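Notes to accompany the following structure.
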Amino acid sequence: MDGKNLLGEFLRARREVTTVDQVGLPRTRRRTPGLRRDEVAMLADVSTDYYIRLEQGRERNPSDQVLAALARVFQLGPEATEHLHDLAHRRRPDHGPVVSADLLRPAVRRFIEGCDHAVALALNRRLDVLAMNPLATALFQGLNECDNALRLTFLNPAARDFYLNWEQQARGLVAHFRSIGGRCLADPFMLELVEELSLGSEDFRLMWARHDVRARTHRSVSYRHGEVGEMTLHNEMFRIGGPAGQQLVVGQPTPHAPSERAFDALRRLAGVAGTRPSGDER
């Protein structure tokens, strides 16, 4: 990712992962998966030459009408469509470098550190961990690369055993990273992280090349903890007022699990942390 033709890179990636079945075209023999440029142009009602110029970065001012048509062809969700418009209009970042987003407000830090009934942590838009409560520390106990969610997932081999569904977790995390940091991919700190992950993980390179964009607001994640065993937490993600891109992640036992089993998992994790979850009167 050199930052010179982000719009073209995005369009090419989405074209290559969109199938003829998805858009209702007949199947034909083709050298590579995905749609051809002329097929995208036809579906978006633009000339093939114009679409080629878009991908090659020789046309940099597509209209909103063209962007809407391309979003429809590639079946983009709301976050990916907004990301497409940001790339096309070269909107300036609405926040500063990552270093300025590392300053967590004291009130938020106090809330996280005092939270004793759920796993709680704060992340910046690079997915660096800014703060963790004792339960979160216990959850990730013994794992390297815990300073950043992406490093943990892709650069620590133990993550494939820690996350019960590693591939689903990894794909979702990469798409979320693009969603929250889309306007800042030219930030040298963001570029440095992407380069580090690309050099260290072929899986990251392949997932990053797809240009999936999808924000996470909630999801259930299943873990295999060294002392607690298997457990599933339902994570809710909230934006933190202050530096853009900061998020609060709160994880509690999944509401779909039997209540006694869910509480027991949290109680055992609290035992690892040396704390006692509020409401435990036994």
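For residues that are among the small types (G, A, S) and farther than 26 Å from L193 by Cβ, tally how many sit in the range 101-135.
3
I'd like the residue in the range 136-174 that is in a helix (DSSP H, G or I) and small (G, A, S) and, out of all such residues, is surrounded by the most Cβ atoms within 10 Å (Cβ to Cβ).
A136
Go through (1) at pLDDT below 95; (2) surrounded by 19 or more Cβ atoms within 10 Å (Cβ to Cβ) for A120 and report which single condition fails.
(1)
Go through the range 226-235 residue by residue and tally those that are out of contact with any helix residue (DSSP H, G or I) (no Cβ under 7 Å at 6 or more places or on another chain) and surrounded by 15 or more Cβ atoms within 10 Å (Cβ to Cβ).
Residues flagged as out of contact with any helix residue (DSSP H, G or I) (no Cβ under 7 Å at 6 or more places or on another chain) and surrounded by 15 or more Cβ atoms within 10 Å (Cβ to Cβ) within the range 226-235 amount to 4.
With (1) touching a Ser or Thr at 6+ places or on another chain (Cβ under 9 Å); (2) free of Cβ contacts under 8 Å to residues at least 24 places away in the same chain; (3) within 28 Å of Y163 (Cα to Cα) as the list, and M42 as the residue in question, which single condition is left unmet?
Result: M42 fails condition (3) only.
Provide a single number: the residues in the range 3-43 that are basic (K, R) and exposed (fewer than 13 other Cβ atoms within 10 Å of the Cβ).
5
Do you know which residues across the range 155-212 are in contact with a strand residue (DSSP E or B) (Cβ under 6 Å, 6 or more places away or on another chain) and among the polar types (S, T, N, Q)?
Q169
Would you confirm whether or not the range 13-24 contains a residue that is more than 23 Å from L206 (Cα to Cα) and outside the structural domain of E192 (by TED's automatic domain parsing)?
Taking every residue of the range 13-24 in turn, at least one turns out to be more than 23 Å from L206 (Cα to Cα) and outside the structural domain of E192 (by TED's automatic domain parsing).
I'd like to check which helices (runs of 4 or more DSSP H) are fully inside the range 1-94 and have at least 3 residues that are closer than 30 Å to G245 by Cα and touching a Phe, Trp or Tyr at 6+ places or on another chain (Cβ under 9 Å).
6-17, 78-89
Which condition does N148 not pass, out of (1) touching a residue at least 40 places away in the same chain (Cβ under 8 Å); (2) farther than 30 Å from R268 by Cα, if it passes all the others?
With (1) touching a residue at least 40 places away in the same chain (Cβ under 8 Å); (2) farther than 30 Å from R268 by Cα applied to N148, the lone miss is (2).
The values are calculated or read from the model by the stated rules, or taken from the named source; none is laboratory data. Quick caveat: nothing in here was measured; it's all calculated off a predicted structure. Please note: Cβ atoms are built from the backbone with ideal geometry, for glycine as well, and neighbour counts cover all protein chains shown.
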